[in-house]
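My structure is below; once you've seen it, I'll send some questions.
The values are calculated or read from the model by the stated rules, or taken from the named source; none is laboratory data. Predicted, not measured: the structure shown is a model, and the values here were computed from it. Every residue, glycine among them, receives a Cβ derived from its backbone with ideal geometry; neighbour counts consider all protein chains shown. Please note that ligands, DNA and RNA were not included when accessible areas were found on the heavy atoms of the full protein model with its side chains. Shrake-Rupley method; radii C 1.70, N 1.55, O 1.52, S 1.80 Å.
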Amino acid sequence: MQKNETYFFALGGLEEVGKNTYCVEHEDNILLIDAGVMFPEDDSPGVDYIVPDYSYLVENQSKIKGLLITHGHEDHIGGLPFLLQNVEIPTIYAPRLAAAFIRHKLAEFKIKAKVDIIEIDHDSLLEIGCFKVSCFNVTHSIPDSLGFAIDTPNGRIVTTGDFKMDLTPVGKDLDYEKITKLSSEGIDLLVADSTNAEVEGYSISESAVVDSIHDVFRNAKGRLIVATFASNVHRIQQIIEASVLFRRKIMLFGRSMDKAVNIGREIGYIKCPDNYLISPEAAKTLRPDEILIFCTGTQGEPMAALSRIAFGQHRQIKLMPGDTVVFSSSPIPGNTASVNKVINQITRSGVNVLTNSVLSNIHASGHAYTDELKMMLKLMKPKYFAPIHGEYRMLKLHTLIAKEIGMQDDHLFVLANGKVLALKDGKVYESKKIVHTDDIYVDGNDITGLSTAVIKDRKILASEGLVAVLVSIDPKNNRLLSKPAILSRGFIYIKERTDLIIEAEKTVNAALEELLSKERVSFSAIKNTIKTSMTSFLYSKTRRNPMIIPVIMSKRNEAEDSYKFVQKENTPKPRRRTTKKVEAN
């Protein structure tokens, strides 16, 4: 009997950093790998999260057999509350720390769906549907990070998860022995982290950061304010240990920092004496050089603790001369401008700011540099390779690295979200199958999300402003009751451009009179005529496209049924000689 193809594709995580959600599909079996979220940049106003479109999973709900989690970073688990509101996941398989984060996250979002969470480690062997999965340790910036080898009916797929090759790690070593064994058995398709494919050489060891952190503590004369990723548990522990060594009491600011420290202490990954964690009130009795403020906000997020401190919006902490602010992180691609904005604001306050540099190794990336990527490819020796987890240029560079070590062009694939690789009897090729993918913008915790059209409207309002056109119509006689009136917000200053407003009013008036000369006119036709005529006119005069909002007021009476005007919208029962105002979105 001929076997069907096995598919590998991404709903998120390709040509972007974040939103990692990968799928392996064979016949009636779908195995998910990670369920990440991406945080918006400045060009997505009002958006809290960006998650993948899960419609393919909704349509294929019965095929879903389980979800594998590589580690506990938000770009790998942050989409779970939204995923679980769309589809039922029979079982989530996650390493210990990630499982703790997931349980807390589901409780925080008040997810009622019952889901079985099974903790796994590097020794776990799993049978999930038609797939057999083995796990191996990888070194990353968070404990309990795993890679997976997935045996499918058509061959073996290996994913590294996020990794680096750190010979002196703070946590567990990369599982070189198991990787070598997988390689000797044969790997048909390798998919691997590409985040630092642009950075030459080898990454700095996490243990090397300790000395730099101690130097910072030794030289700081006033309060220390340290910002780092809340999920970087290794770094948090290093800084706590330095605080104890240099006798600085610790204040935590930021919900995610509180959560990470509390969960880390509960499961034993973070160790801190109780008397070293203090409240802002207790800090008032201490000298500045006895205080460490630990907070979130390394990526310039407007509502994070560090941003509010920088701009004087924090209720409990104000910057003072003599403070030292430490960014123990590097900007995620796309966040540089936001981070620089916060750094500049802090510097204006007369505060010393330390960022990662060649002179001060206060941060070590958790992602492999080019030489480490080469080494992983050498160890794995895959037949076929597809880079994941990175923007397009990163994916492309990763394939060039694979080519450098001898892989053939036709065995390398640069995919986009929704593009599908097929495996058949150990051979890998691009499939004609296409999976629908899109970005879903989430405002608050509402999984229904915002459509792309809503985000487009917000961007237009932010950059172009709006123009409202008010029109009064007698639908019985198909005529305008008065000339159109135009209002503008954020587009032009009306008092200085009365000539433009008058000409625009004449343009709309002429377009509507021509339309109303016809025997039957619909509400949507009036709305479209206003939008079309105004858009064309304003662009020709200003080369700008503001949002056009028609506001139509129609005169109504008891003889509604005899009107030539056709109102398509549902309206209340008309009363004698009333005027109803209808606003068109």
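Could you let me know the centre-to-centre spacing of the stretch 473-537 and the stretch 244-320, using Cα atoms, in angstrom?
The distance from the Cα centre of the stretch 473-537 to that of the stretch 244-320 comes to 57 Å.
Take the alpha carbon atoms of the stretch 360-409, find their center, do the same for the stretch 125-174, and report the distance between the two centers in whole angstrom.
Distance between centres, Cα-based: 16 Å.
Semi-axes of the equivalent ellipsoid for the stretch 146-255, please: Cα gyration tensor eigenvalues, times 5, square-rooted, ordered largest first, whole Å.
Equivalent-ellipsoid dimensions as semi-axes: 38, 14, 13 Å.
Can you give me the solvent accessible area of L395 with a 1.4 Å probe, rounded to the nearest 10 Å²?
Accessible surface of L395 is approximately 0 Å².
So how do 471-481, 429-439, 228-238 stack up, highest first, on mean other-Cβ count within 10 Å?
Taking the mean over residues of other Cβ atoms within 10 Å, the ranking is 228-238, 471-481, 429-439.
Quickly rank 271-280, 396-405, 509-518 as a protection proxy: mean count of other C-beta atoms within 10 Å, highest first.
Result, highest mean Cβ count within 10 Å first: 396-405, 509-518, 271-280.
Could you order the peptides 486-493, 412-419 from most to least packed, using the average number of other C-beta atoms within 10 Å per residue?
Going from most to least packed, we get 412-419, 486-493.
Work out, step by step, the length gained on full extension between D28 and K541: first 0.36 nm times the residue separation, then minus their alpha carbon distance; give nm to one decimal.
178.9 nm
Per residue of the chain, what 222 nm ellipticity follows from adding -39500 (n - 2.57) for every DSSP H run with n ≥ 4, rounded to the nearest 500?
Value at 222 nm, helices only, nearest 500: -9000 deg cm²/dmol.
Also, I was wondering about something else. Can you give me the three principal axis dimensions of the stretch 1-99 from its C-alpha atoms, in Å, biggest first?
Its Cα atoms span 54, 30, 23 Å along the three principal axes.
On to the next question. When 1/r is averaged over all different Cα pairs and the result inverted, which Kirkwood radius in Å belongs to the stretch 204-350?
15.4 Å
Right, here's the next one. Antiparallel versus total DSSP beta bridges in the chain: what percent is that, nearest 5?
55 percent
Grab the Cα-Cα distance for L466 and T168, subtract it from 0.36 nm times how many residues apart they are, and report the gain in nm with one decimal.
101.5 nm
Pairs of alpha-carbon atoms within less than 8 angstrom and 6+ residues apart define the contacts here; what relative contact order does the chain have, in percent?
Here the relative contact order equals 14 percent.
Quick one: check the C-alpha center-to-center distance for the stretch 20-84 versus the stretch 411-428, whole angstrom.
20 Å
Using 1/(1 + (r/R0)^6) with R0 = 60 angstrom and r between the beta carbons of R497 and Y392, what's the FRET efficiency to the nearest 0.05?
Efficiency, rounded to the nearest 0.05: 0.90.
Averaged per residue, what accessible area in Å² does the chain show with a 1.4 Å probe, protein chains only?
46 Å²
When DSSP beta bridges are limited to those with both residues in the stretch 1-120, what percentage is antiparallel, rounded to the nearest 5?
50 percent
What does a probe at N219 reach in the stretch 310-344, counting residues whose amide N is under 14 Å from the point 7 Å along Cα→Cβ?
What the label zone holds, given the 14 Å backbone N cut-off, is 324-327.
Let me ask something additional. Checking the a/c ratio against 1.5 first, then a/b against b/c, what shape does the Cα gyration tensor give for the chain?
It comes out oblate by the Cα gyration axes.
Taking all protein chains in place and a 1.4 Å probe, what share, in percent, of the accessible surface of the chain do carbon and sulfur account for?
49 percent
OK, next. Which of the three applies to the stretch 452-506, rounded, prolate or oblate, going by the alpha-carbon gyration tensor with a ≥ b ≥ c and a/c under 1.5 meaning rounded?
Because a/c hits 1.5 or more and a/b fails to exceed b/c, the stretch 452-506 counts as oblate.
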